[in-house]
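Here is the structure we will look at, set down as structure tokens.
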Amino acid sequence: MTSPAARLICDHCLLPVSTRDAVSDDSPGGRKVFCCHACRAIYRMITEEGYGDFYKRRDWKTVGIPEALRRADQPEPGPPAAEREALLPFIRGNGDIKEADLMIDGIRCASCIWLNEKVLERTKGVLSARINFATHRALIKWDGAAITLHAILARIRSIGYLARPYTPAAQEEALKKQNYDLLIRLGTASFFSMQLMLLSFGLYAGYFQGIDPVEKYWLEFFALLMCTPVLFYSGWPFLRGAYGGLRNRVLNMDVLISLGALSAYFLSIHHMLTRGEVYFDTSAMIITLVLLGRFLEHSARRRASQAIARLLALQPQDARLVRDSDRVVVAVSSVKRGDMLEIRPGEKVALDGIIKEGVSEVDESLVTGESRPVEKSPGSGMIGGTINGLGTVIMEVTRVGQETTLSRITRLVENAQASTAPIHRFADRVSAYFIPFVIAAAGITFWHWHRYFYADQSLLVAVSVLVIACPCALGLATPVAVLAGTGRAARSGILIKGGDVLERMHKVNTVVMDKTGTLTTGKMQVVEVRNLEQADRVGVADGNAVASIQNRSEKIILYAASAEQGSEHLLGAAIVRYARDKGISPLSSGGFQAVPGQGVRAMVEGKQVLVGKQSLLEQEDIVVYPEIVAEAEVLEQSGRTVVFVSQEKVLLGMIALMDSAKPDAAFAVERLKRMGMEVVMITGDNRTTADVIAKRTGIEKVLSGVLPSGKSEEVTKLRTEGRVVAMVGDGINDAPALAAADVGVAMSAGSDIAIESAGMVLMRSDLTGVVEAIELSRKTFRVIKQNLFWAFFYNVAAIPLAMAGLLHPIVAAGAMALSSVTVVTNSLRLR
Amino acid sequence: MLWTIIALIILMFAIGLAGWFIFLWAAKTGQFDDIERPKHRMMDDES
């Protein structure tokens with residue numbers, strides 16, 4: 001017997017394992033021990049994917065899945081009855097069973113939803129949790145006696161998602177109700193039409209093979225029974241629309257549809273009594289197909305209204321009020337102008353205000369699209385909804401409620417969405433010409449028959465002209481082509497939100513592009529390193545001057561990168577990346593200290609290194625000579641950001657960084673120009689910065705220095721010049737402009753709000769998608785036009801037969817089927 | 001013959017009607033509210 005095997009601990013799952021069974025692996029971080037090969041494989045997978053930090057950061061030492069993720073028997077200490085005041089307005093329900101709607105941030109895929117649902121369902125006191133896949137909204141029911149909503153929110157936060165209570169906007173509720181109404185009408189129409197088609201097939205067969213008149217009568221009777229609800233219930237919106245149109249003396253689509261369906265219905269009833277052929281199926285199919293088309297369009301449009309709900313959700317729900325030395329958490333709605341709020345690191349700024357105490361950096365990308373954090377000190381303004389950086393500040397509230405910047409942006413988006421010109425439907429315009437034509441044809445037929453043939457049959461013949469003229473495939477012509485077109489687009493990474501977007505896109509002649517994040521990568525890159533060490537600048541005539549300057553630049557990068565290696569700052573990360581690309585490995589450093597808005601201090605090999613703005617260096621009594629400052633200003637004017645590097649009180653040099661144009665931007669702009677588009681760049685940056693990028697991408701027209709709220713005005717101005725404008729952007733500040741443009745195109749890497757307000761989303765971040773989208777929309781629209789032609793063609797061709805009084809029901813049925821088949825096959829060519 | 005046809009039509013109509021009622025019930029109880037999530041839910045672990 002050997003001595004009991006020594007116990008080791010598996011580095012992945014933390015289970016104890018005997019030395020004999022242990023599997024070991026030599027990873028870069030040292031020798032690791034695992035209990036089995038599966039654990040080793042998973043460990044490798046995790047580290048190779050770059051998530052090695054997981055093992056350092058996980059805060060549990062127990063075996064297997066951490067207890068916290070499995071079960072939460074102890075929700076929050078404290079009595080459950082003490083529900084936070086700020087949350088009360090969102091809770092519904094009497095007694096112990098409560099429910100509330102939550103909006104959950106951070107959900108990316110189905111597994112996120114799974115995780116949230118499972119964790120909530122296993123939380124004691126939560127009765128049910130259902131999360132909507134598309135809207136990321138959760139309906140939570142819980143036992144008020146066992147748990148509080150506050151504890152539920154904390155629970156969701158503990159697994160890395162952000163949940164906040166939410167009340168659905170009235171407008172959205174209305175849309176939901178509309179959608180439900182349409183669904184019921186469509187479902188009803190479909191079921192009765194299906195039944196009706198079965199009966200019609202019997203009647204078709206009877207027409208060819210002969211049928212017993214009594215049997216035919218019964219079949220017709222049931223057909224009438226099936227057709228009535230379709231026409232008068234499902235078709236009610238069309239009848240009402242037609243009535244409204246006629247009262248306003250407008251011949252719209254509804255008039256055409258109602259005219260066709262009603263005349264087919266009443267003519268069939270007349271024929272039933274006089275032993276003629278019936279057209280109930282025509283009547284019902286018109287309604288059903290058009291309804292189907294409307295339903296498809298409506299569901300796509302519904303998503304757009306969620307943009308506003310998301311915007312509202314950006315506003316924090318509670319604020320930390322300063323009362324003398326106390327801090328009280330209250331609902332944002334109860335905060336008044338002049339109140340003092342405390343904002344801690346990482347928190348969202350609750351409302352607009354002015355800083356009274358403290359220094360920090362604030363991420364304002366929400367409002368300005370600018371990815372660099374903005375430095376804030378007493379006296380600077382804060383914008384509600386932005387995210388506070390490293391410092392704790394106290395601010396005085398200056399704007400509340402409807403006046404805040406965020407509410408103003410929300411209103412801008414709302415207005416822009418509402419004022420988007422009503423879609424001039426191509427079909428509507430066609431029917432505007434077609435209806436008078438049909439009515440004229442029917443009138444001539446009536447008059448001619450009355451005058452020259454059988455007066456008693458004249459009305460009947462005239463009505464049959466109306467019946468055959470009604471294009472059944474009209475309802476399918478647009479939606480099917482749009483469906484095929486959007487499906488094709490989705491496969492090449494372009495999401496299109498509806499037919500109207502495609503329709504407007506093909507007419508676009510001006511493309512407006514946002515600079516940051518759209519034309520540029522949005523990431524800073526080192527573009528220049530300048531040596532400022534005094535000895536070199538005096539100009540030592542050295543044979544190795546070139547070599548030494550090379551080395552000097554490397555030295556500057558080496559120290560800057562060493563000092564910044566712990567930094568998560570955008571500029572720091574860019575310097576570290578640049579060093580890595582140059583093959584410079586950073587020296588060991590310590591004492592890292594970030595000075596918000598100014599730079600960093602760190603000890604590199606025992607020497608103090610500063611990387612940052614001029615002000616940081618001056619604090620340490622390092623003199624920056626005026627000519628150097630002037631040199632830096634020249635660089636900054638050309639769109640670069642300059643940081644100084646010093647070592648032990650000696651200024652080493654400066655590094656210029658810049659946001660660079662996307663590699664494919666110039667190519668995409670070139671292709672757009674060749675398609676006859678005018679490309680315009682719009683940016684909040686100053687003229688010089690903007691011109692650098694414009695020159696590099698080949699854009700001639702530049703609108704620079706545009707305020708975030710001014711972008712939509714510029715777009716509107718372009719539209720009033722008679723241009724059809726597509727706006728490409730990615731920030732929340734672009735959202736109003738995206739909605740104001742004829743077509744808004746958002747980059748998928750952009751903010752949710754931009755994506756929701758845009759009609760089109762590019763899943764890839766390269767701009768050639770814009771070119772493809774325009775090409776595709778032109779192709780789709782060509783197909784739509786052809787479809788409309790075919791939808792009308794067969795019916796128009798049959799009109800002479802009807803006018804001659806020779807209309808066979810089989811011609812009507814054939815025209816109907818042929819036009820539908822042609823339209824669908826023609827649309828499929830897009831795929 | 002005639003009564004067979006009528007009976008068949010009525011039977012067919014009854015079946016169709018049943019389908020229609022199921023649809024109405026489904027729409028009313030929100031079965032169509034979210035058509036993405038349920039297909040993923042079946043992949044979830046039990047419990």
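The values are calculated or read from the model by the stated rules, or taken from the named source; none is laboratory data. Quantities reported herein were computed from a predicted structural model and do not represent experimental measurements. Methodologically, a virtual Cβ is constructed for each residue, glycine included, from the backbone with ideal geometry; neighbour enumeration extends over all protein chains shown. Note: areas computed on protein heavy atoms with side chains; ligands, DNA, RNA excluded. Shrake-Rupley method; radii C 1.70, N 1.55, O 1.52, S 1.80 Å.
Think of a 1.4 Å ball rolled over the protein heavy atoms: segment A:136-272 then has 44 Å² of accessible area per residue. Modelled this way, with points 7 Å down the Cα-to-C-beta line, the labels at A:SER333 and B:ILE15 are 5.4 nm from one another.
Phi angles across segment A:185-200 convert, under the Karplus curve 6.51 cos²θ - 1.76 cosθ + 1.60 with θ = phi - 60°, into 3J(HN,Hα) values of 5, 5, x, 4, 4, 4, 5, 5, 5, 4, 4, 5, 5, 4, 5, 5 Hz, Gly and Pro given as x. Only residues of segment B:1-40 count here: report those whose backbone N is under 11 Å from the spot 7 Å along Cα→Cβ of A:GLU215, or say none. So the set is B:1-6. Report the B-A buried area as the accessible area lost on both sides summed, probe 1.4 Å, in Å² to the nearest 100. Using a 1.4 Å probe on protein heavy atoms, the buried area is about 2400 Å². Here's how it looks for A:PHE592: its modeled amide H is under 5 Å from those of A:MET603, which are all 5 or more places away or on a different chain. Surface composition of segment A:635-753: carbon plus sulfur atoms hold 51% of the accessible area, using a 1.4 angstrom probe and ignoring ligands, DNA and RNA.
The calculated FRET efficiency for the pair A:GLU605 and A:SER377, based on their C-beta separation and a Förster distance of 25 Å, comes to about 0.15. The HN-Hα couplings worked out from phi for segment A:721-726 by the Karplus form 6.51 cos²θ - 1.76 cosθ + 1.60 (θ = phi - 60°) are 6, x, 8, 9, 10, 10 Hz, whole numbers, x standing for Gly and Pro. Buried on complex formation within segment B:1-21 (loss of at least 20 square angstrom of accessible surface versus the isolated chain, 1.4 Å probe, ligands and nucleic acids ignored): B:LEU2, B:ILE5, B:ILE6, B:ILE9, B:MET12, B:PHE13, B:GLY16, B:TRP20. Can you tell me the FRET efficiency between A:PHE201 and A:ARG247 if r is taken as the Cβ-Cβ distance and R0 is 41 Å, rounded to the nearest 0.05? With a Förster radius of 41 Å, E is 0.55.
Couplings for segment A:440-446, taken from phi via the Karplus curve 6.51 cos²θ - 1.76 cosθ + 1.60 with θ = phi - 60°, read 4, 4, 5, x, 4, 4, 4 Hz in order; Gly and Pro are left as x.
Mind ranking A:ILE383, A:ILE211 by accessible surface for me, highest first, 1.4 Å probe?
Working: A:ILE383 35, A:ILE211 55 Å².
So the residues, ranked largest to smallest area, are A:ILE211, A:ILE383.
For segment A:196-281, the share of accessible area belonging to carbon and sulfur comes to 67 percent (1.4 Å probe, ligands and nucleic acids excluded).
Quick one: if the Förster radius is 60 Å, what FRET efficiency do A:ASP324 and A:ARG580 give, using the C-beta to C-beta distance and rounding to 0.05?
Details: r = 51 Å, r/R0 = 0.85.
Approximately 0.75, to the nearest 0.05.
Legend: residues in segment A:208-233 shielded by at least 20 square angstrom of accessible surface upon adding the remaining protein chains to the isolated chain (1.4 Å probe, heavy atoms) are A:GLU215, A:TRP218, A:LEU219, A:PHE222, A:MET226.
Among bridges DSSP assigns within segment A:619-727, what percent are antiparallel (round to 5)? Could the numbers behind the result be given before it?
Details: 7 of 10 bridges.
DSSP beta bridges in segment A:619-727 are roughly 70 percent antiparallel.
Within the straight-line cut-off of under 29 Å between alpha carbons, the lysines reachable from A:LYS717 are A:LYS497, A:LYS507, A:LYS515, A:LYS662, A:LYS673, A:LYS695, A:LYS701, A:LYS779, sequence neighbours fewer than 8 places apart in one chain being disregarded.
The stretch between A:MET194 and A:LEU225, if pulled fully straight at 0.36 nm per residue, gains 9.9 nm over its current Cα-Cα span.
Probe of 1.4 angstrom, ligands and nucleic acids ignored: what's the accessible area per residue over segment A:556-700, in square angstrom? All intermediate terms of the calculation are to be shown ahead of the outcome.
Values: 6480 Å² over 145 residues.
Here the residues of segment A:556-700 average 45 Å² of exposed surface.
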